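Engineer: Here it is, the structure in full.
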Amino acid sequence: MIVLGIESSCDETAAAVLADGRRLLSNVVASQDAIHAPYGGVVPELASRRHLEVIGPVIQQALDQAGVKLANLDGIAVTQGPGLVGSLLIGCSVAKALAWVHRTPLVGVNHLEGHVYAAFLTDDPPTHPFLALVVSGGHTALYHAREPLRYTLVGQTRDDAAGEAFDKAAKLLGLGFPGGPAIQRAAEQGDPRAVAFPLAQMTDGARDFSFSGIKTSVSLYVKRRPPLSAAQVADVAASFQAAVVKMLVRKTIRAALHLGVKRVVLTGGVAANGPLRQALGAEAAEHCIALHIPPPQLCTDNAAMITAAGTARLRAGERAGLDMNARPDLALA
Ligand code: KG4
Ligand code: ZN
């Protein structure tokens with residue numbers, strides 16, 4: 001089964017070709033970082049215009065690298081949501097047009113399920129049931145996947161997504177966009193114990209996350225000590241990163257122990273973060289929990305993961321009609 005996947009939910013235009021749900025024949029990602037960097041964040045209108053310009057060549061490149069023709073595809077999978085509506089519309093419209101012209105089965109994929117399915121493209125895919133921590137620029141949530149294609153929401157952020165917090169903290173520290181990799185780089189020279197940033201506690205016992213308190217603390221720290229030296233910036237970056245990692249690891253392990261699951265998937269753009277991968281790995285090992293983390297390039301937005309999730313849904317008999325529409329607030333659970 002050969003499936004073409006298309007991803008355009010935010011600021012990456014991506015296409016991939018996957019055989020039999022596991023063998024990646026091509027995986028093309030066109031980043032828009034350079035377009036949005038001057039604004040310190042993604043500008044939705046610029047994102048959709050850029051998608052429109054490059055989506056054709058990106059799909060062609062994915063097909064060429066895979067040595068596959070559109071007419072020979074067994075399916076087309078496209079991100080239907082969540083994401084920016086203008087960006088999603090580009091991918092959905094192209095996918096529908098291709099599916100109609102070539103009479104190819106079409107399926108809409110939830111972007112967050114795509115992130116989870118990145119774990120199935122590794123040499124060590126998870127088996128159900130498992131707990132998935134999806135940490136991206138727009139979402140931070142824990143899902144219990146008891147069986148294939150079904151998810152229960154265990155906890156989520158009450159304010160910023162973890163990636164959003166990284167991006168905002170990086171902006172405050174003048175480290176540029178996207179913030180996650182910039183914070184990680186700066187933190188390598190800093191002391192994670194230099195500043196004690198507060199970790200939010202949920203008084204109602206919910207397994208939710210909150211990052212706005214840490215972000216506000218970074219903002220206050222920066223405003224009270226202008227201008228920060230390079231060493232201070234590194235210390236704040238390291239301390240901020242340590243606080244975010246601590247919150248993510250603590251809540252995830254607690255939820256896994258409470259639910260009695262023995263497997264955890266860590267995925268989404270923030271899962272590319274080295275210290276997070278190491279800290280969750282160490283804590284999971286301590287509790288005899290198997291941890292599945294896709295390689296960094298499959299954690300950040302890509303179409304391989306959308307194709308993997310789409311193949312699973314096509315195999316389950318799911319089909320989208322030509323009336324399929326972009327759904328910016330599509331939920332996974
Ligand atoms: O999953 P993703 O590529 O796009 C969304 O679906 O949002 O995630 C992007 C987010 C951004 O906020 C970016 O700063 C963050 O992932 N990110 C990282 C790292 N690489 C990307 N955060 C921390 N450390 C990283 N190495
Ligand atoms: Zn994403």
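Engineer: Rounded to the nearest 500 deg cm²/dmol, what is the calculated helix-only ellipticity per residue at 222 nm for the chain, with -39500 (n - 2.57) per DSSP H run of length n ≥ 4?
Structural biologist: Numbers: 11 runs with 144 residues, N = 333.
My calculation for the chain gives -13500 deg cm²/dmol from helical runs alone.
Engineer: When ranked by the protection proxy of mean other Cβ atoms within 10 Å per residue, highest first, what sequence do the peptides 107-115, 288-296 form?
Structural biologist: Numbers: 107-115: 27.3, 288-296: 17.7.
With the highest mean Cβ count within 10 Å placed first, the list reads 107-115, 288-296.
Engineer: Cβ under 15 Å from GLN60's Cβ, GLN60 left aside: what net charge do those residues give with Lys, Arg +1 and Asp, Glu -1?
Structural biologist: Details: positive: LYS69; negative: GLU53, ASP64.
In short, -1.
Engineer: Let me ask you something else. Give the peptides 322-331, 74-83, 230-239, 2-11 in descending order of average Cβ contacts within 10 Å, highest first. Don't skip to the end; give the middle numbers.
Structural biologist: Working: 322-331: 14.0, 74-83: 25.1, 230-239: 20.5, 2-11: 28.3.
In decreasing order of mean packing, 322-331, 74-83, 230-239, 2-11 become 2-11, 74-83, 230-239, 322-331.
Engineer: On the protein heavy atoms, probe 1.4 angstrom, tell me the percent of accessible surface of segment 17-66 carried by carbon and sulfur. Provide the component values of the computation, followed by the final result.
Structural biologist: Working: 1380 of 2600 Å².
Carbon plus sulfur share of accessible area: 53 percent.
Engineer: What pairs from LYS96/LYS262; LYS96/LYS171; LYS96/LYS168; LYS171/LYS251; LYS96/LYS215 go past 30 Å between their alpha carbons?
Structural biologist: On the way: LYS96/LYS262 39 Å; LYS96/LYS171 38 Å; LYS96/LYS168 36 Å; LYS171/LYS251 26 Å; LYS96/LYS215 41 Å.
Checking Cα-Cα distances, LYS96/LYS262; LYS96/LYS171; LYS96/LYS168; LYS96/LYS215 exceed 30 Å.
Engineer: When DSSP beta bridges are limited to those with both residues in the chain, what percentage is antiparallel, rounded to the nearest 5? Mind showing how you got there, number by number?
Structural biologist: Working: 25 of 42 bridges.
In the chain, approximately 60 percent of DSSP beta bridges are antiparallel ones.
Engineer: Residues with beta-carbon under 10 Å from that of ASN110, excluding ASN110: net charge, scoring Lys, Arg +1 and Asp, Glu -1? Could the numbers behind the result be given before it?
Structural biologist: Details: positive: ARG313, ARG327; negative: GLU113.
Charge balance in the 10 Å sphere: +1.
Engineer: Moving on to the next point. Would you mind pulling out the separation of the Cα centroids of segment 19-56 and segment 101-135, in Å?
Structural biologist: Cα centroid of segment 19-56 versus Cα centroid of segment 101-135: 19 Å apart.
Engineer: Once neighbouring chains are kept in place and the probe is 1.4 Å, which whole percent of the accessible area of segment 199-333 is contributed by carbon and sulfur? Write out the running numbers ahead of the final one.
Structural biologist: Details: 3040 of 5860 Å².
Accessible surface attributable to carbon and sulfur in segment 199-333 totals 52 percent.
Engineer: Explain nothing, just the number: relative contact order of the chain, from Cα pairs under 8 Å at least 6 residues apart, as a whole percent. Walk me through the numbers before you get to the answer.
Structural biologist: Working: 747 pairs, mean separation 84.9, N = 333.
After rounding, I find 25 percent.
Engineer: Here's another thing I want to ask about it. Give, as a single signed number, the net charge of other residues whose beta carbon lies under 15 Å from the beta carbon of THR127, with Lys and Arg counted +1 and Asp and Glu -1.
Structural biologist: Numbers: positive: ARG22, ARG146, ARG150, LYS262, ARG263; negative: ASP123, ASP124, GLU147.
Result for the neighbourhood of THR127: +2.
Engineer: Could you do me a favour and compute the accessible area per residue for the chain, 1.4 Å probe, result in Å²? List each step's numbers first, then the result.
Structural biologist: Details: 13980 Å² over 333 residues.
Each residue of the chain exposes 42 Å² on average to a 1.4 Å probe.
Engineer: Heavy atoms only, probe 1.4 angstrom, no DNA, RNA or ligands counted: give me MET247, MET202 ranked by accessible area, highest first.
Structural biologist: Most to least solvent-accessible, the answer reads MET202, MET247.
The values are calculated or read from the model by the stated rules, or taken from the named source; none is laboratory data. No experiment lies behind these values; they were computed from the predicted model shown. Because the Cβ atoms are built from the backbone with ideal geometry, glycine has one as well, and the counts that use them run over all protein chains shown. These accessible areas exclude ligands, DNA and RNA; they are computed on the full protein's heavy atoms, side chains included. Shrake-Rupley method; radii C 1.70, N 1.55, O 1.52, S 1.80 Å.
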